[in-house]
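The values are calculated or read from the model by the stated rules, or taken from the named source; none is laboratory data. Computed from a prediction, not measured in an experiment: that's the story for all the values here. So basically every Cβ, Gly included, is an ideal-geometry build from the backbone, and we count neighbours across all protein chains shown. All accessible areas refer to the heavy atoms of the entire protein, side chains included, with ligands and DNA or RNA removed. Shrake-Rupley method; radii C 1.70, N 1.55, O 1.52, S 1.80 Å.
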Amino acid sequence: MKDRSDRELVHLSQQGNQDAFNELVQRHQEKVLNSVYRFSSHWGDAQDIAQRTFLNAWKNISNFKGDSAFSTWLYRIAFNQSISFRREKGRHRAVTIHAEEGEKGIDPGYEADPAAPIEATEKERQVHQVLALLEEEDRKIIVLKDLKDLSYDEIAAILEVPKGTVRSRLHRARLQLKEKWTNFSGTSSREEAS
């Protein structure tokens with residue numbers, strides 16, 4: 001099964017072949033788990049959401065038409081499951097900015113300074129706090145574009161909106177992030193000075 005494409009595995013899965021679907025799970029589970037973790041920032045919740053994502057995908061594999069990549073369809077399910085899970089649990093957690101293996105993270109841009117790791121950890125904590133201040137839709141688009149490094153087309157497919165809408169929402173979300181960062185930085189600086 002490992003030598004087959006996603007498209008072939010999807011076709012076999014649609015015919016009820018569980019081994020084919022298990023191969024799709026193996027290929028995509030780490031990326032899905034990392035994505036929902038960035039959205040929920042709680043490892044246990046992320047595991048629950050990822051499990052729900054794959055159960056939902058298996059139940060609805062016959063509805064997958066192939067208009068987009070299987071991974072795009074799966075990300076859409078994952079984000080919808082994340083939102084549903086958050087509503088069910090009443091949790092309002094933020095995304096994390098820690099990079100997982102093979103993924104893009106925030107580069108603190110420090111040199112070989114012994115204090116740099118501590119400063120970088122503090123910077124990550126601050127970015128995490130600022131991301132938590134964003135509206136859910138703004139946070140979601142920032143995660144998809146700036147942390148997951150997805151293309152505009154992929155994001156449009158996941159969010160089920162036109163590419164132009166992705167661009168405008170991303171622009172608005174980045175402005176909000178910049179504003180909240182400025183306010184946060186100003187508050188942090190004043191607190192440190194006192």
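If I ask for residues that are at pLDDT 85 or above and not in a helix (DSSP H, G or I), which ones from segment 151-194 would you list? Scanning segment 151-194 gives 151, 160, 161, 162.
Given the criteria closer than 18 Å to residue 59 by Cβ, open to solvent by 30 Å² or more (accessible area, probe 1.4 Å) and out of contact with any Gly (no Cβ under 9 Å at 6 or more places or on another chain), does residue 26 qualify?
Working: closer than 18 Å to residue 59 by Cβ: no; open to solvent by 30 Å² or more (accessible area, probe 1.4 Å): yes; out of contact with any Gly (no Cβ under 9 Å at 6 or more places or on another chain): yes.
Against the criterion (closer than 18 Å to residue 59 by Cβ, open to solvent by 30 Å² or more (accessible area, probe 1.4 Å) and out of contact with any Gly (no Cβ under 9 Å at 6 or more places or on another chain)), residue 26 does not qualify.
Here is a yes/no grid of residues against (1) more than 15 Å from the chain's Cα centre (by Cα); (2) modelled with pLDDT under 75:
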position: 97; (1), (2): no, yes
position: 101; (1), (2): no, yes
position: 124; (1), (2): yes, yes
position: 142; (1), (2): no, no
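When segment 15-53 is limited to residues that are under 13 Å from the mean Cα position of the chain (by Cα) and of a type in the set (A, V, I, L, M), the one that is modelled with the lowest pLDDT turns out to be 36. Would you confirm whether any residue within segment 146-167 is open to solvent by less than 20 Å² (accessible area, probe 1.4 Å), of a type in the set (Lys, Arg), touching a helix residue (DSSP H, G or I) at 6+ places or on another chain (Cβ under 7 Å) and under 18 Å from residue 40 (Cα atoms)? No, there is no match, as no residue in segment 146-167 is open to solvent by less than 20 Å² (accessible area, probe 1.4 Å), of a type in the set (Lys, Arg), touching a helix residue (DSSP H, G or I) at 6+ places or on another chain (Cβ under 7 Å) and under 18 Å from residue 40 (Cα atoms). Only a single item in (1) at pLDDT below 95; (2) closer than 19 Å to residue 157 by Cα is not met by residue 61, and it is number (1). Given the condition part of a helix (DSSP H, G or I), among the hydroxyl-bearing types (Ser, Thr, Tyr) and modelled with pLDDT under 80, answer yes or no: does some residue in segment 82-89 qualify? There is no residue in segment 82-89 that is part of a helix (DSSP H, G or I), among the hydroxyl-bearing types (Ser, Thr, Tyr) and modelled with pLDDT under 80.
The criterion of at least 2 residues that are touching a helix residue (DSSP H, G or I) at 6+ places or on another chain (Cβ under 9 Å) and touching a residue at least 60 places away in the same chain (Cβ under 8 Å) is met by the following helices (runs of 4 or more DSSP H) wholly inside segment 1-70: 6-14, 18-40.
Being more than 21 Å from residue 150 (Cα to Cα) and either free of Cβ contacts under 8 Å to residues at least 60 places away in the same chain or charged (D, E, K, R) (or both) is a property that does not hold for residue 81.
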